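Visitor: Provided herewith is a single structure, encoded as structure tokens, for subsequent inquiry.
The values are calculated or read from the model by the stated rules, or taken from the named source; none is laboratory data. No experiment lies behind these values; they were computed from the predicted model shown. So basically every Cβ, Gly included, is an ideal-geometry build from the backbone, and we count neighbours across all protein chains shown. Side chains included, ligands, DNA and RNA excluded: accessible areas come from the protein's heavy atoms. Shrake-Rupley method; radii C 1.70, N 1.55, O 1.52, S 1.80 Å.
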Amino acid sequence: MALNQSYDLFFIFIFHLSLLFTLLPFSFSQTVADAPSPAADTCNGIFLSYAYTSGTKLKPTDPKHQPYRFESVLTVLNNGDEKLKSWRAFVGFKNDEYLVSASNAVLADGTSLPANVGNGTVFAGYPMTDLKTAIETAGDLNQIQVQVKLLGTQFGVAAPSVPLPETIHLANDGFLCPKPSLQGKSEMQVCCTKDPKFKTNVTVEDEFLPRQSGDLTIMYDVTRTYDSNYWAQVTISNHNPLGRLDNWKLSFDWMRDEFIYTMKGAYPYVVDSSDCIFGPQGQHYRDLDFGNVLNCERRPTIIDLPLTKANDTTMGMIPKCCRNGTILPPTMDPSKSSSVFQMQVFKMPPDLNRSELSPPQNWKINGTLNPNYKCGPPVRVSPSQFPDPSGLPSNTTVVASWQVVCNITRPKNASPKCCVSFSAYFNESVVPCPTCACGCPRNSANTCRANATAVLVPPEAL
């Protein structure tokens with residue numbers, strides 16, 4: 001009898017234990033994506049929704065420009081029959097929003113958070129850049145859907161009004177998105193479908209997206225990888241026939257607590273390991289000499305080395321390095337239209353295996369008295385190939401490659417000027433041209449002053 005009571009007590013204990021684990025919050029188990037809106041059932045394309053969840057009034061009190069905290073969720077769901085590669089979604093904010101954080105995404109224009117997004121912004125997926133189909137995943141929401149939780153400040157829209165954006169739509173090429181519809185007062189939805197007239201050379205079987213063209217491209221190639229660190233080669237290539245970079249500075253954001261141990265061909269603008277020593281990196285790498293670590297900033301700035309370091313066995317010896325930050329247009333000298341450097345990057349848990357590779361985000365590059373560039377997010381492309389270093393007639397393939405495309409942008413409120421340049425290339429600006437080089441307007445009231453000071457023309461005006 002005592003034995004039977006013991007068995008009964010044991011099974012009762014197991015039952016209550018299992019019930020306890022069933023009631024535990026999801027943080028103790030695998031995170032499960034929230035179920036999509038019922039309206040998604042009628043969408044056979046890419047379903048997007050933007051749902052406002054909460055908001056509160058913030059200080060200071062300002063009747064004319066009152067700030068309010070807002071929280072919302074952007075959902076992108078792939079209900080189509082093809083994988084959505086490198087998803088991007090536009091949210092047309094209109095209430096002078098200041099975005100503080102966004103989960104599972106970054107700003108596609110390379111801006112770091114927090115940032116002003118009051119004129120609308122494009123989100124790009126990170127770390128999950130691709131959305132698989134329900135067919136290949138048996139409808140696993142964790143693989144076909146991404147939810148971006150947004151936190152920020154908006155101005156002027158108080159309860160019970162809801163600060164919804166002007167519009168939302170998919171920003172990937174080849175899709176048609178109608179005007180979004182409202183679901184109640186706090187959610188907007190849209191179903192984007194493939195444009196039958198759009199032509200692309202990418203097939204469903206392609207594992208990676210093709211390389212894109214732009215005024216300037218940056219390749220992030222992982223050449224060697226180990227459990228705790230890897231070597232990456234960064235190649236900056238200028239493709240604009242007139243754009244030029246002098247004393248270039250390159251910056252980006254580490255997203256997973258990485259840090260730069262050593263470099264060849266370039267150098268951090270600030271050499272500082274204090275963030276590692278007093279941070280989680282110092283706790284994990286207890287036996288690492290952080291006196292040799294070059295940079296532990298979350299957003300480091302990289303600069304080129306002078307010509308005297310080109311043959312330095314420690315810092316140089318990298319082809320196309322050490323040019324004092326000068327990258328010429330290919331029309332001037334193709335051999336000097338790119339710059340290359342290498343860096344050894346240490347990773348942090350839980351990424352301590354050879355295959356866990358994550359490129360930095362939010363790239364930005366600029367020079368001295370040069371055009372302004374806006375860079376997109378890094379896109380996974382087919383691995384780069386380089387000539388075999390042994391001299392054999394074969395190519396060596398890198399472990400993984402990402403491409404960042406940057407294009408010249410015009411500063412805000414800058415208007416184009418009609419002018420003819422009589423110079424071949426560059427000075428601090430384009431060599432000034434006479435104010436009457438374009439002729440005079442037909443309106444006789446607007447006469448051209450031939451003796452006026454010549455106009456300084458920026459390179460992008462050409």
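Visitor: Against the empirical 2.2 N^0.38 Å scaling, what ratio does the C-alpha Rg of region 48-190 come to?
Guide: 1.08
Visitor: Provide the per residue accessible area, probe 1.4 Å, for region 216-408, rounded to a whole number of square angstrom.
Guide: Ligands and nucleic acids excluded, the figure is 45 Å² per residue.
Visitor: Using only the alpha carbon atoms of region 162-276, find the Kirkwood hydrodynamic radius as the inverse mean reciprocal pair distance, in angstroms to one decimal.
Guide: 19.7 Å
Visitor: Shifting gears a bit: Along region 165-176, what does the Karplus equation 6.51 cos²θ - 1.76 cosθ + 1.60 (θ = phi - 60°) give for ³J(HN,Hα), rounded to whole Hz, x for Gly and Pro?
Guide: Values, residue by residue: x, 5, 7, 9, 6, 6, 9, 6, 5, x, 10, 10 Hz.
Visitor: Quick check for me: using +1 on Lys/Arg Cβ and -1 on Asp/Glu Cβ, what's the dipole size of region 216-408 about its Cα centre, in debye to the nearest 20?
Guide: 480 debye
Visitor: Not counting ligands, DNA or RNA, and with a 1.4 Å probe, what is MET315's accessible surface area in Å² rounded to the nearest 10?
Guide: 40 Å²
Visitor: In region 38-194, what percent of the accessible surface is made up of carbon and sulfur (1.4 Å probe, ligands and nucleic acids excluded)?
Guide: That share works out to 51 percent.
Visitor: Let me cross-check TYR269: its accessible surface, 1.4 Å probe, with only protein heavy atoms counted, in Å² to the nearest 10?
Guide: For TYR269, solvent-accessible area is about 130 Å².
Visitor: Something else about it: So, taking all protein chains as they sit and a 1.4 Å probe, how much accessible area belongs to HIS65, in Å² rounded to tens?
Guide: 80 Å²
Visitor: Taking the convex hull of the Cα atoms, report for region 361-404 its projected area averaged over all directions, in nm².
Guide: 4.9 nm²
Visitor: If you don't mind, another one. If we sort 138-146, 295-303 on the protection proxy, mean other Cβ atoms within 10 Å, highest first, what's the order?
Guide: Highest to lowest by the protection proxy: 295-303, 138-146.
Visitor: State the answer as a single residue: which of THR314, ASN353, PRO387 lies farthest towards the positive end of the charge dipole of region 216-408, with beta carbon charges of +1 for Lys and Arg and -1 for Asp and Glu, about the Cα centre.
Guide: The listed residue farthest towards the positive side: PRO387.
Visitor: Largest first and in whole Å, give the semi-axes of region 216-408's equivalent ellipsoid, each being the square root of 5 times a Cα gyration tensor eigenvalue.
Guide: So the three semi-axes of region 216-408 are 27, 19, 17 Å.
Visitor: Still on this structure: Of LYS59/LYS149; LYS85/LYS179; LYS85/LYS264; LYS94/LYS347; LYS83/LYS264; LYS83/LYS249, which sit over 28 Å apart, Cα to Cα?
Guide: Checking Cα-Cα distances, LYS85/LYS264; LYS94/LYS347; LYS83/LYS264; LYS83/LYS249 exceed 28 Å.
Visitor: Counting only protein heavy atoms and a 1.4 Å probe, tell me what percentage of region 273-332's accessible area is made up of carbon and sulfur.
Guide: The nonpolar share, carbon plus sulfur, comes to 53 percent.
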